[in-house]
1. Starting from the 7 Å offset along Cα-to-Cβ, what nm value, one decimal, do you get for the label separation of residue 327 and residue 380?
2. Going by a ≥ b ≥ c, the root eigenvalues of the Cα gyration tensor, does region 181-220 fall in the rounded group (a/c under 1.5), the prolate group (a/b larger than b/c) or the oblate group?
3. If you take the alpha carbon radius of gyration of region 315-357 and divide it by 2.2 N^0.38 Å, what ratio comes out, to two decimals?
4. Rg and Dmax of region 34-92, Cα atoms, in Å?
5. From the square roots a ≥ b ≥ c of the eigenvalues of the alpha-carbon gyration tensor of region 3-136, which class results: rounded (a/c under 1.5), prolate (a/b over b/c), or oblate?
6. Just subtract the alpha-carbon distance of residue 283 and residue 316 from 0.36 nm times their residue separation and send over the number in nm, one decimal.
7. Could you please rank 57, 318, 383, placing first whichever residue has the fewest other Cβ atoms within 10 Å of its Cβ?
8. Most exposed first by the Cβ proxy, i.e. fewest other Cβ within 10 Å, how do 336, 359 rank?
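Any read-out appearing in this document is the output of simple, stated calculations on the displayed coordinates, not a laboratory observation. Nothing here was measured: the structure is a model prediction, and the numbers come from that model. Reconstructed Cβ throughout: ideal geometry from the backbone, glycine too, with neighbour counts over all protein chains shown.
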């Protein structure tokens, strides 16, 4: 049953693809595997079912399109159904089919004949056994021989023509390469020169821009220092303005605290109770005295002074108490109102003094910024009587201390010399 065929020399990749095609034809009937020997005395490698020529372990051999693998097998189980064997000393290789009876026994009984026929026919078809038979058969003067000779002559002529074309192409390619190389060298020199000029120009521009950036950074640092100073002054001004605005708002809604108002209410209520009570008692006692005289029908001309005094004692006493309470209530209210007015004027004077101190501080800052010094006399005059408000007393409340305050108003000290040479100096207290 074994058969041996001659097949033309083919690359390792072509034989593997042919075996894969044969296996695909036999796949509906039975499963086969492909096994190759990588090189002489090399290890056998079983190829995968999909893309057997892509296996990494033999890919480097197949990429060379070489004819180096000595053996190729298409196996059924562990027996070779087809074997392709390299024959180095001949112009053809050997194809051996069904070399062993054991492989035939592996085929299913009902499909054995179909598998054998498909196997042999596919092997002969894809491994090109007919090409070897056609090239080696005949040598006499026959139609086939003449056809073959004419075809060989045509192939020889085509080969010579191809060789001449290749030589001419190679010569022109070398000439073109030499011409392109010279042009490229000239162009490279021009580009190198242009690059040098551009590099020099860009370096100068870069240096100029760096200098501008450094100058700008120095100016920015200078402005930043000035801005920090001005910002601090601005913040100080804003804080001063906020303080002035806060004091103004406080003055607009200025009033006593709840505890002070409650104490004032208590005192006012006590005064009101005393005035009303004494007034009621005065009216009551006067009415009772008049009723006593009317009921007794006494002749008023015969009443002694001490009797009038006894009868009028209670009304007079209650009237005196009423007048006392009323006078003290009026004086207390007047003193309270005067204190309120003095405090209000003092607060307004403080607002003015805050404004004056702000302007004085601005003047000092401007002088320091311009590296100048304000005259001490000017600073003294501008700061005179700051936060030294003294309320003026009423005419009815003048006393020796108030007179001294009037005399020393606007003065820090006063020196008086007596005729005997004694000197007395009075200074305004601070607080």
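1. For the pair residue 327/residue 380, the computed spacing is 5.1 nm.
2. Working: a/c = 10.29, a/b = 7.22, b/c = 1.43.
Judged from the Cα gyration tensor, region 181-220 comes out prolate (a/c at least 1.5, a/b above b/c).
3. Working: Rg = 18.6 Å, N = 43, 2.2 N^0.38 = 9.2 Å.
My calculation over the Cα atoms of region 315-357 gives 2.03.
4. Every Cα atom of region 34-92 included, Rg and Dmax give 11.8, 34 Å.
5. Details: a/c = 1.75, a/b = 1.23, b/c = 1.42.
Because a/c hits 1.5 or more and a/b fails to exceed b/c, region 3-136 counts as oblate.
6. Working it through step by step, the gained length comes to 10.9 nm.
7. Numbers: 57 10, 318 20, 383 13.
Ascending number of Cβ neighbours within 10 Å: 57, 383, 318.
8. On the way: 336 14, 359 11.
Least crowded to most crowded, the residues run 359, 336.
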